[in-house]
Amino acid sequence: MGAMGVFEAVVRHGGHEQVVFATDARRGLRMIIAVHDTTLGPALGGCRIWSYASEEAALTDVLRLSRAMTLKNSIHGLPLGGGKAVVLADPTRDKTPELLAAIGEAVDRLGGRYITAEDVGTTSDDMRLIRNATAYVAGLPETSGDPSPFTALGVFRGIQACSQSLWGTTQLEGRRVAIQGVGSVGFHLARHLVQAGAQVVVTDIRPEKVRRAVEELGVQAVEPDAIFDVECDVFAPCALGAVLNDETIPRLRAPIVAGSANNQLAEPRHGDLLHERGLLYAPDYVINGGGVINVAEELGPGGYSAQRARAKVERIYDRVLEVIELSRSRNVPTYRAADEIALRRIETARAEGRGARV
Ligand SMILES: NC(=O)C1=CN([C@@H]2O[C@H](COP(=O)(O)OP(=O)(O)OC[C@H]3O[C@@H](n4cnc5c(N)ncnc54)[C@H](O)[C@@H]3O)[C@@H](O)[C@H]2O)C=CC1
Ligand SMILES: O=C(O)CCC(=O)C(=O)O
């Protein structure tokens, strides 16, 4: 660890119920599981495999991502708390069946307080292997499967909500949207937008992703760094986090920022900065909840139904509008309005003694 102590980091990032460091030297496992809050139910959140620059970066990531899951699961009305896991490894090189088994065993030791799922660096096929070691896993190929089409649908509906609020219409025909990152979610989002008649400009650090979007969808492309300067109606961050910061915000030339990436604000104050500059920011965990809404369907009493999941994801439109309305009526940034709604549900559950700690 660097200069900041572990406890100081946990407190700074919201205070977590439990943070577990799991290792397995033989199978090369170095993993951190952060259970942020289980008031509303067991903590559900994906497992990210990533070659972090430092252990501190991995800890910060898991602490921020798990808190965001608490807020995400709450605002979407799910009976679930928030958690996340990170594995310090290179997903393209180190992701062996043995490593996935070790991940499953580490999750299992938490006895159901944490339920894992896909994230960056893991797939639903990986979840099947993890399933051999634990029952506390969702997002299996034979049930909810790949969450990204659902996430993209939710982002698309969220963009429509922003459009309705700003321009009085959900029609996106002729609007220009700049997408940063055309991986799983970004590609599906681009397709929705093209079908709706929008002009789409994309970028990605992986040329083959850009090529696929250009060839299959007929979108335009720019270099990765140029995406912030594209004059457009919507900037959609669909790559990694901390993309809204001191350097990028002054460059943005879009009145709406609405995309799938988790933890888009480098720091909370960047949400204030967007508000001061008059940009409409759809809070990340509100607009990107489609994936977890779909995955959570698998855990519900009636079992998984894609149709029911889709209907629930469609309601992201209403959630985003609700957040924008609260932000307007109080003149507070949208990220604060979202936190208020999400935290209210948790506080109510606590006050009613429903702090069903698992
Ligand atoms: N897959 C899902 O259902 C959900 C995804 N998210 C978030 O949405 C984001 C995208 O997720 P996926 O599409 O699943 O991941 P992905 O890994 O398939 O796609 C991300 C893409 O961004 C590109 N990229 C990375 N850094 C970039 C940069 N600086 N400039 C341009 N492109 C860059 C990557 O090359 C990749 O193609 C992530 O932040 C993820 O945490 C959030 C909720 C659910
Ligand atoms: O979408 C998933 O598979 C799990 C949920 C999650 O980790 C997320 O929404 O970031």
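The values are calculated or read from the model by the stated rules, or taken from the named source; none is laboratory data. No experiment lies behind these values; they were computed from the predicted model shown. Using ideal geometry, Cβ is built from the backbone for each residue, glycine included, and neighbour counts are taken over all protein chains shown.
Looking only at the stretch 130-162, which residues are in contact with a Ser or Thr (Cβ under 6 Å, 6 or more places away or on another chain) and under 17 Å from residue 314 (Cβ atoms)?
Result: 148, 151, 155, 160.
Restricting to the stretch 237-260, and then to whatever is small (Gly, Ala, Ser) and either part of a helix (DSSP H, G or I) or more than 12 Å from residue 179 (Cα to Cα) (or both), can you tell me which residue is modelled with the highest pLDDT?
Filtering the stretch 237-260 for residues that are small (Gly, Ala, Ser) and either part of a helix (DSSP H, G or I) or more than 12 Å from residue 179 (Cα to Cα) (or both), the one modelled with the highest pLDDT comes out as 242.
Any idea which residue in the stretch 47-63 is nearest to ligand 1 (Cβ to nearest atom), counting only those that are over 19 Å from residue 96 (Cβ atoms) and surrounded by 22 or more Cβ atoms within 10 Å (Cβ to Cβ)?
So the residue we want is 61.
Looking only at the stretch 208-249, which residues are without any contact (Cβ under 8 Å) to a residue 12 or more places away in the chain and over 14 Å from residue 187 (Cβ atoms)?
225, 247
Within the stretch 238-247, restricting attention to residues that are of a type outside the set (S, T, N, Q) and more than 8 Å from ligand 1 (Cβ to nearest atom), which residue is nearest to residue 263 (Cα to Cα)?
242
Looking only at the stretch 182-198, filter to residues that are within 16 Å of ligand 1 (Cβ to nearest atom) and in a loop (DSSP other than H, G, I, E, B); which one of those is surrounded by the most Cβ atoms within 10 Å (Cβ to Cβ)?
Within the stretch 182-198, the match that is surrounded by the most Cβ atoms within 10 Å (Cβ to Cβ) is 182.
Only residues that are buried (at least 23 other Cβ atoms within 10 Å of the Cβ) and within 12 Å of ligand 1 (Cβ to nearest atom): list them for the stretch 77-94, please.
84, 86
Give me the pairs, please: first residue somewhere in the stretch 43-56 and more than 16 Å from ligand 2 (Cβ to nearest atom), second residue anywhere and outside any loop (DSSP other than H, G, I, E, B) and acidic (Asp, Glu), beta-carbon distance under 8 Å, and either six or more positions apart or on two chains.
52/61
Scan (1) within 14 Å of ligand 1 (Cβ to nearest atom); (2) out of contact with any strand residue (DSSP E or B) (no Cβ under 9 Å at 6 or more places or on another chain) for the single condition residue 228 breaks and write down its number.
Against the list (1) within 14 Å of ligand 1 (Cβ to nearest atom); (2) out of contact with any strand residue (DSSP E or B) (no Cβ under 9 Å at 6 or more places or on another chain), residue 228 comes up short only on (2).
Looking at the structure I just gave you, is residue 137 among the aliphatic types (A, V, I, L, M), within 15 Å of ligand 2 (Cβ to nearest atom) and at pLDDT below 95?
So residue 137 does not fit the description; no.
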